[in-house]
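Notes to accompany the following structure.
Every number in this text was worked out from the coordinates using simple rules, so none of it is lab data. Nothing here was measured: the structure is a model prediction, and the numbers come from that model. For neighbour counting, all protein chains shown are included, and Cβ atoms are generated from backbone atoms with ideal geometry for every residue, glycine included.
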Amino acid sequence: MLQYAYGNEECIVSFLGELFKKNKTDAVYEIKSPNGRVVATFILDRGRMSYFVKKDERLVLRQSKLGIALKDAAPLVENFGLVRAYTKTFDETWKAHWGEQHIVRNHYNETAIYLAEVEKPNRLLTLRFRAYDDGVAFRYEIPAQPEMDKLVIADELTEFAVDTSARSWSIPAYQPDRYEYNYSEMPVGQLTDAVHTPLTIDTGAVCLSIHEAALYNYGSMTLKMSGPVLKADITPLSDGMRAYVELPFSTPWRTVIIAHDMLDLTTSRMILNLNDAPRGDFSWVEPVKFMGIWWAMYVGEWTWALGERHGATTDHAMQYIDSCRNLGIPALLVEGWNDGWEGDWLENGERNKFLESTPDFDMKIVSEYGRANGVEIVGHHETVGFIDNYEEQMEDAFKFYKSLGIRYVKTGYAGSKMTINGQREYHHSQLGVLHYQKVVELAARYGIMLDVHEPIKGTGIERTWPNLMTREGARGQEYEGGALAPSHACYLPFTRMLAGGMDYTPGILDVTNYAKRMATTITRQLAYYVTIYSSMQMASDRPQIYEVNYHDLYEFIQDVPLTWERTIPLMGEVGKCFVVARQEWDSPNWYIGGVTNEEGRRVELYIDFLEPGVNYTATIYRDSEDAHYRDHQLGYVIEEKVIRQGDRIEMYMAPGGGFAIRLRKQ
Ligand code: NOJ
């Protein structure tokens, strides 16, 4: 008697031999979305698996193959027969701990197709499909079964046969700077080198985002053309294999969001919905705004390493705490307080000590001073990818923070690869994925919330682990001063941000600093707090910039919320511009942010989302008519207006500029 179970249903195959005789090697299943417009069709054709996807009767993905190649065993690809299939409808509404949308509906139809090879060794495989109104998802499930308790995955053969002439936007995979590249536009057919997901595609008829959800214990999926078709390319381990797994095992969900336009793409919550509800109590999780002993290092005033200009001294930290208190910022990040930054810290990361501070810094004094002033410390773990070194100290390092009442930690994985078990591995490999997950779970055990830099990509696991507050995972503002064009932040909402929140480190108002000149106008720095979602947001500049130079603009940074009731994209085009309105969580107030690329733009916004018949005070932070990201970054205007539902407002965004609006119900 063989029993295997997944999800809610259970399949008991009582007499395998009899069953195999009954197997059909041909079958077709249609999985229709609740509104019937999105349809995934699974095909078993003479024992081989494939699928195609339609929306409104039009092909979105042509027939695409499915399968898994194994090391030392025949691939799970042919000779399959149908055992049985189950279908169910699921409809729930859940409340987020934080996010772009407070209340989320998770509504789909699901079919699980249980297959078994009709010839020896009669291996079992399940394909589970879900159809949502905003896309489709599927995954492979390999049940526990006789004569196979673990396997080595050599390749995943999943195809996504999208029109090769469709336009796509992506960043390259397997590169030294991990996820931190500029976006390129090219026809799908030219993706001959692997690209990261989410991969954004415009077919002319629909907009797509191909990605994955619930990435655990497996290499992350990249995509590249294989012959005439786009195919999954799972990030390999150093031995070339994609994953070592024990059965039962499920791959992450393969996901295709299908939207009628690019703005619609940004409203999908399918990736979060494909993740489980949290297990356990996460009511302690709390979004936070923070400043940092940080940007001063980037502009060359201070250093991470010990020396004359060392940033993380007890004195500096206490001064910054005073500023946080004065500015109403509840937390302070301290980088460079621990031993190990001397010399070339990128090369010497193996020396990092996560519990020992430099002689000029005392974490106990600093955290106590912070507590007395209502300011929490955000701890820092820069691993430089030396995972073996970090994992030896990790638990004690979290215990140390916990003992001092520190609830937030920023982690970092600078470096092109990681050292795990003495081997050089990709961040996005199975071993990398396992490490990041270990940290999330350990942090949760110690009541710690995380901001992960150089992370693996988001796949919605923050629904299950709400203490994973945010991550970097794209070029952030650290690349300003030459390597960021204004268009970059106009790509992000349609690409990277489809994978979840991002710590872009906004709010750098010293935009003309000679050491790190920003390719933005000053008001655009405020817009980022609305256009780029993050539940931990940094007020990234040095305190004096807010206290002395631009207190008027700072007021917006202080006010802007970190979690939203609703989000409504108002206008946008990939790489050109993006304007979004967000309603504050449990409040009638709204915020609007807009950014443009190198081109100036006048946009008309139709304010139809406010409560009817009520006056709102709009505080508008915008570029002056003569502002420009190159030679007049500081041209800004702050004005107030009364706005009501149904009003139209015209906003000007200078080249490389943007605007932010706060709408308060009167
Ligand atoms: C790169 C991170 O992105 C950055 O925020 C951090 O300051 C440095 N590494 C040092 O950890």
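Before moving on, here are some points about what is shown:
- Taken together, Thr531, Thr567 contain a single residue that is more than 16 Å from the ligand (Cβ to nearest atom), closer than 28 Å to Leu263 by Cβ and surrounded by fewer than 20 Cβ atoms within 10 Å (Cβ to Cβ), which is Thr567.
- Within segment 342-360, restricting attention to residues that are farther than 22 Å from Glu395 by Cβ and surrounded by 14 or more Cβ atoms within 10 Å (Cβ to Cβ), the residue that is nearest to the ligand (Cβ to nearest atom) is Trp345.
- Here Ile257 fits the description: closer than 25 Å to Gly500 by Cα and assigned to a strand (DSSP E or B).
- Residue within segment 384-403 that is within 16 Å of the ligand (Cβ to nearest atom), among the charged types (D, E, K, R) and touching a residue at least 12 places away in the same chain (Cβ under 8 Å) present: no
- Test: residue in segment 490-497 that is touching a Ser or Thr at 6+ places or on another chain (Cβ under 6 Å), more than 13 Å from Tyr528 (Cβ to Cβ) and either away from the ligand (no atom under 16 Å from the Cβ) or in a loop (DSSP other than H, G, I, E, B) (or both): yes
- Members of segment 409-442 found to be β-branched (Val, Ile, Thr) and under 20 Å from Glu478 (Cβ atoms), listed by number: Val409, Thr411
- Scope segment 461-513; condition buried (at least 23 other Cβ atoms within 10 Å of the Cβ), among the small types (Gly, Ala, Ser) and more than 19 Å from the chain's Cα centre (by Cα); matching residues: Gly507
- Subset of segment 136-182 [more than 16 Å from Gly219 (Cβ to Cβ), over 22 Å from the mean Cα position of the chain (by Cα) and not charged (D, E, K, R)]: Pro143, Ala144, Gln145, Pro146, Met148, Ala161, Val162, Thr164, Ser165, Ala166
- Scanning segment 540-558 for residues that are out of contact with any strand residue (DSSP E or B) (no Cβ under 9 Å at 6 or more places or on another chain) and polar (S, T, N, Q) returns Gln544, Asn549.
- As a summary of the residue check, Met186 satisfies the conditions (1) in a strand (DSSP E or B); (2) farther than 18 Å from Gly67 by Cα; (3) touching a residue at least 40 places away in the same chain (Cβ under 8 Å); (4) not hydroxyl-bearing (Ser, Thr, Tyr) except for the one numbered (3).
- Residue, nearest to the ligand (Cβ to nearest atom), within segment 289-310, restricted to residues that are among the aliphatic types (A, V, I, L, M) and surrounded by 22 or more Cβ atoms within 10 Å (Cβ to Cβ): Ile293
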